[in-house]
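Please read the structure below before turning to the comments.
The values are calculated or read from the model by the stated rules, or taken from the named source; none is laboratory data. Bear in mind the structure is a predicted one, so any value in this text is a computation, not a measurement. Please note: Cβ atoms are built from the backbone with ideal geometry, for glycine as well, and neighbour counts cover all protein chains shown.
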């Protein structure tokens, strides 16, 4: 039986990709996005231009900080499950404006949880982040590790949301899966993120800023694998009781910064002009997901290699940008 999904942040990179997949499967999507100016609103408008043609896609241009707007959305729609992706993103910008990150990521989430409670919507899948692991020395990162030592306001808000949703699970019987995403990339990736940015700079024969010596690494995860993991999490949440889980969604195969630059350059057929800079505050040394729990619980199995993912992204970029 098809479901009605409420997706916050639905015009973003992950949200629009998820919406597209759910609609293809015949579901209904109630979408919320405030089209904030964190990056050009033209990007988000482009993300939803085909989605809004689908009669099963309903878009609300609203802010999750607006409690009354959320109330009206829940009253107008018979929601089965909430996929909460809306957040102020990015480690470095959160250091510059921590209050905004607290307002959106924590109070906005609190508003959503309260409206779910009021309207008896008990199923939630929510985006957390690999940033909560900070600079944990032990790798790969497991969900049962202690993550009390955040090094950015962004990571702090994500950890706070994991704790708050557990409260609603215990007190109000919410079924919750928190998904710790590991550096998602692929077609439609945000323009401020490294792969998109470096591709643009290389094609324009501009300097590539490399922070640190290039040895820092990230567990890059292709968008299709992430969307698959989200939908599997939603299905698990809808079909089970007394659910509260934290899951890593990664690729379990870290790639160094220098290697990432070289793979993009090779794919583009260019020689990168790299300029080295000091490491920036809030950046972690590495991310590396242990995905054994997600494999066992929801059948998560990433399929796209980094090289293939970069090729897919470059093909999309050349056709669309």
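Some notes on this structure:
- Filter result for residue 252 (in contact with a helix residue (DSSP H, G or I) (Cβ under 6 Å, 6 or more places away or on another chain), touching a residue at least 60 places away in the same chain (Cβ under 8 Å) and not in a strand (DSSP E or B)): no
- Within region 230-246, one or more residues are closer than 21 Å to residue 147 by Cβ, assigned to a loop (DSSP other than H, G, I, E, B) and modelled with pLDDT of 95 or more.
- Within region 101-125, tally of residues that are in a helix (DSSP H, G or I) and surrounded by fewer than 18 Cβ atoms within 10 Å (Cβ to Cβ): 8
- The residues of region 80-100 that are touching a residue at least 12 places away in the same chain (Cβ under 8 Å) and either part of a helix (DSSP H, G or I) or out of contact with any helix residue (DSSP H, G or I) (no Cβ under 8 Å at 6 or more places or on another chain) (or both), listed by number, are 91, 92, 93, 94, 95, 98, 100.
- Lone unmet requirement of (1) without any contact (Cβ under 8 Å) to a residue 40 or more places away in the chain; (2) surrounded by fewer than 18 Cβ atoms within 10 Å (Cβ to Cβ); (3) more than 30 Å from residue 266 (Cα to Cα) for residue 238: (1)
- Every test in (1) over 22 Å from residue 118 (Cα atoms); (2) assigned to a loop (DSSP other than H, G, I, E, B); (3) at pLDDT 95 or above; (4) touching a helix residue (DSSP H, G or I) at 6+ places or on another chain (Cβ under 8 Å) is passed by residue 34 save one, and that test is (4).
- Across region 184-202, a minimum of one residue is classified as out of contact with any helix residue (DSSP H, G or I) (no Cβ under 7 Å at 6 or more places or on another chain) and part of a loop (DSSP other than H, G, I, E, B).
- Top-ranked residue in region 214-224 [being in contact with a strand residue (DSSP E or B) (Cβ under 7 Å, 6 or more places away or on another chain) and surrounded by fewer than 19 Cβ atoms within 10 Å (Cβ to Cβ); ranked as nearest to residue 252 (Cα to Cα)]: 215
- Residue in region 68-75 that is buried (at least 16 other Cβ atoms within 10 Å of the Cβ), under 27 Å from residue 166 (Cβ atoms) and modelled with pLDDT under 95 present: no
Conditions (1) part of a loop (DSSP other than H, G, I, E, B); (2) exposed (fewer than 12 other Cβ atoms within 10 Å of the Cβ); (3) touching a helix residue (DSSP H, G or I) at 6+ places or on another chain (Cβ under 9 Å), marked per residue:
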residue	(1), (2), (3)
274	no, no, yes
279	yes, no, no
293	no, no, no
302	yes, no, yes
319	no, yes, no
